[in-house]
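Colleague: My questions all concern the structure below.
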Amino acid sequence: MLNVKTIAVIGAGQMGGGIAQVAAVSGFKVVVVDASAGALGRCQENHGKRLAREVEKGKLKQAEFEAAVSHLNYSGTLDDIKGADVIVEAIVEEAPVKRELFGRLAKMFTGSQILASNTSSISITEIAAAAHGASDRVVGMHFFNPVPVMKLVEVIKGLQTSDATVHRVIELAKAMGKTPIPANDRPGFVSNRVLMPLINEAFYAWMEGVAEPANLDEIMKLGCNFPMGPLRLADFIGLDTCLHIMHVLHRDLGDPKFRPCPLIRQLVAAGRLGDKTGRGVFDYSHPAK
Ligand code: 3HC
């Protein structure tokens, strides 16, 4: 039996907020924790809007909306997650910060709680090594953006992760209406190992003048039936996030084929990070665009 009532989501950003929303709609009690009051406020506001939109579209009944909202709690401190059965970390993609957090979580949660990370590329084995005494309960639970829409949860088994933990996370992801698929703990796992070289190649093709960005994207959309072209998708994910993952692939696999395109480095250096800053490859400062 799954035996999960309360899920704590650490990090109230785009991914953490999405995970919390899906968990609440699926009937779990949720506590979202973030040190930033601003981030928590934006997350709560976003939940209200997104869930109301689901009612408008007839995907949620009014009573389900109210139940989901009542399941969602927001806090600025880890003290408020003590009763959680599952902890999903969705904080900044920096290995030392994640290691420090999992060290703390291992001390706080000495029972059977699952300690999951939504990391897109950092080694689960490395994160688990910091969770002294709880490494077997550390697992990757990699959601995709936008979380309420995307079906996949890539379940990552670190070297120390027990089969029982993987099994429970698979059951949990199913209970959240997702399709869990296991992958091993290698740089970029499956999704980003395959996606990032595609995005990187699109930047090289743009840099070499093969096509203008809008045409390049349209070719890939219409020719490969992608919902978004690779450059648009890079903006959507965040160019800084893409570059970070590309660095991990390049460094940890050691193959020059993963070398990040100078153009993506340049855009990130200029602060053009994509949707989140209003400009990346494309300009979003004008709503009509
Ligand atoms: N949050 C929640 N729901 C969202 C959303 C968001 N940010 N964006 C869109 N939606 C939902 C809404 O329900 C929306 O309907 P609504 O506007 O009536 O409310 C519905 O999706 C359709 O959205 P749109 O009509 O605005 O646009 P599209 O039909 O083009 O769909 C899309 C948008 C779902 C984002 C689609 O373009 C898509 O699937 N794009 C590819 C996304 C993708 O590949 N994600 C994976 C990225 S990789 C990743 O996350 C891994 C990481 O490690 C890097």
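The values are calculated or read from the model by the stated rules, or taken from the named source; none is laboratory data. This one's a predicted model, so the numbers in the text were calculated from it and none came from an experiment. No Cβ is skipped: glycine too gets one built from the backbone with ideal geometry, and neighbour counts run over all protein chains shown. Side chains included, ligands, DNA and RNA excluded: accessible areas come from the protein's heavy atoms. Shrake-Rupley method; radii C 1.70, N 1.55, O 1.52, S 1.80 Å.
Colleague: Quick check on my filter: what residues within segment 162-198 are farther than 21 Å from Thr125 by Cα and free of Cβ contacts under 8 Å to residues at least 60 places away in the same chain?
Modeller: Across segment 162-198, the qualifying residues are Lys174, Thr179, Leu195, Leu198.
Colleague: Pick from segment 13-32 the residues that are open to solvent by 10 Å² or more (accessible area, probe 1.4 Å) and more than 13 Å from the ligand (Cβ to nearest atom): which of them is nearest to Ser117 (Cα to Cα)?
Modeller: Val31
Colleague: Here is a follow-up. Within segment 11-27, identify whether any single residue is over 17 Å from the mean Cα position of the chain (by Cα) and modelled with pLDDT under 95, and answer yes or no.
Modeller: no
Colleague: To continue, here is another question. Mind checking which residues of segment 210-237 are surrounded by 20 or more Cβ atoms within 10 Å (Cβ to Cβ) and of a type in the set (Gly, Ala, Ser)?
Modeller: Once the filter is applied, which keeps residues that are surrounded by 20 or more Cβ atoms within 10 Å (Cβ to Cβ) and of a type in the set (Gly, Ala, Ser), segment 210-237 yields Gly229, Ala234.
Colleague: Which members of segment 119-136 meet the condition of being within 12 Å of Lys157 (Cα to Cα) and hydroxyl-bearing (Ser, Thr, Tyr)?
Modeller: Keep residues of segment 119-136 that are within 12 Å of Lys157 (Cα to Cα), which gives 123-128, 135-136.
Across segment 119-136, the qualifying residues are Ser123, Thr125, Ser135.
Colleague: Does Lys59 fit the bill of being within 12 Å of the ligand (Cβ to nearest atom) and open to solvent by 40 Å² or more (accessible area, probe 1.4 Å)? It would help to see each step written out before you state the result.
Modeller: Values: within 12 Å of the ligand (Cβ to nearest atom): yes; open to solvent by 40 Å² or more (accessible area, probe 1.4 Å): yes.
Yes: the conditions hold for Lys59.
Colleague: Taking Ala183 and the conditions (1) in a helix (DSSP H, G or I); (2) closer than 25 Å to Met141 by Cβ, which numbered condition does it fall short on, given that it satisfies the others?
Modeller: For Ala183, the failing item is (1).
Colleague: Return the residues of segment 202-240 that are part of a helix (DSSP H, G or I), under 29 Å from Gly140 (Cβ atoms) and either of a type in the set (S, T, N, Q) or free of Cβ contacts under 8 Å to residues at least 24 places away in the same chain (or both); say none if nothing qualifies.
Modeller: Those that are part of a helix (DSSP H, G or I), under 29 Å from Gly140 (Cβ atoms) and either of a type in the set (S, T, N, Q) or free of Cβ contacts under 8 Å to residues at least 24 places away in the same chain (or both): Met220, Cys224.
Colleague: Checking Val92 against (1) more than 16 Å from the ligand (Cβ to nearest atom); (2) open to solvent by 40 Å² or more (accessible area, probe 1.4 Å): exactly one of these is not met. Which one?
Modeller: Every listed condition holds for Val92 apart from (1).
The rows are residues; the columns are (1) surrounded by fewer than 21 Cβ atoms within 10 Å (Cβ to Cβ); (2) within 14 Å of the ligand (Cβ to nearest atom); (3) under 16 Å from the mean Cα position of the chain (by Cα).
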{"residue": "Lys107", "(1), (2), (3)": "yes, no, no"}
{"residue": "Gly133", "(1), (2), (3)": "yes, no, no"}
{"residue": "Met141", "(1), (2), (3)": "no, yes, yes"}
{"residue": "Lys151", "(1), (2), (3)": "yes, yes, yes"}
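Colleague: Within segment 156-208, how many residues are basic (Lys, Arg), over 16 Å from the mean Cα position of the chain (by Cα) and surrounded by 19 or more Cβ atoms within 10 Å (Cβ to Cβ)? So that I can check it myself, show each step before the final result.
Modeller: Kept after step one, since they are basic (Lys, Arg), are these residues of segment 156-208: 157, 168, 174, 178, 186, 193.
Then drop every residue that is not over 16 Å from the mean Cα position of the chain (by Cα), which leaves 157, 168, 174, 186.
Next cut, surrounded by 19 or more Cβ atoms within 10 Å (Cβ to Cβ) only: 157, 168.
Within segment 156-208, residues that are basic (Lys, Arg), over 16 Å from the mean Cα position of the chain (by Cα) and surrounded by 19 or more Cβ atoms within 10 Å (Cβ to Cβ) number 2.
Colleague: Does Val149 meet the test of being free of Cβ contacts under 8 Å to residues at least 12 places away in the same chain and in a loop (DSSP other than H, G, I, E, B)? Before the answer, list the steps.
Modeller: Values: free of Cβ contacts under 8 Å to residues at least 12 places away in the same chain: yes; in a loop (DSSP other than H, G, I, E, B): yes.
So Val149 passes the test.
Colleague: A follow-up question, please. Looking at segment 1-29, I want the residues that are under 23 Å from Arg99 (Cβ atoms) and have a partner that is among the charged types (D, E, K, R) and in a strand (DSSP E or B) with Cβ atoms under 8 Å, at least 6 apart or on another chain. Which pairs are those?
Modeller: That search, which allows pairs on different chains as well, returns Ile7/Lys29; Ile10/Glu89; Gly11/Glu89.
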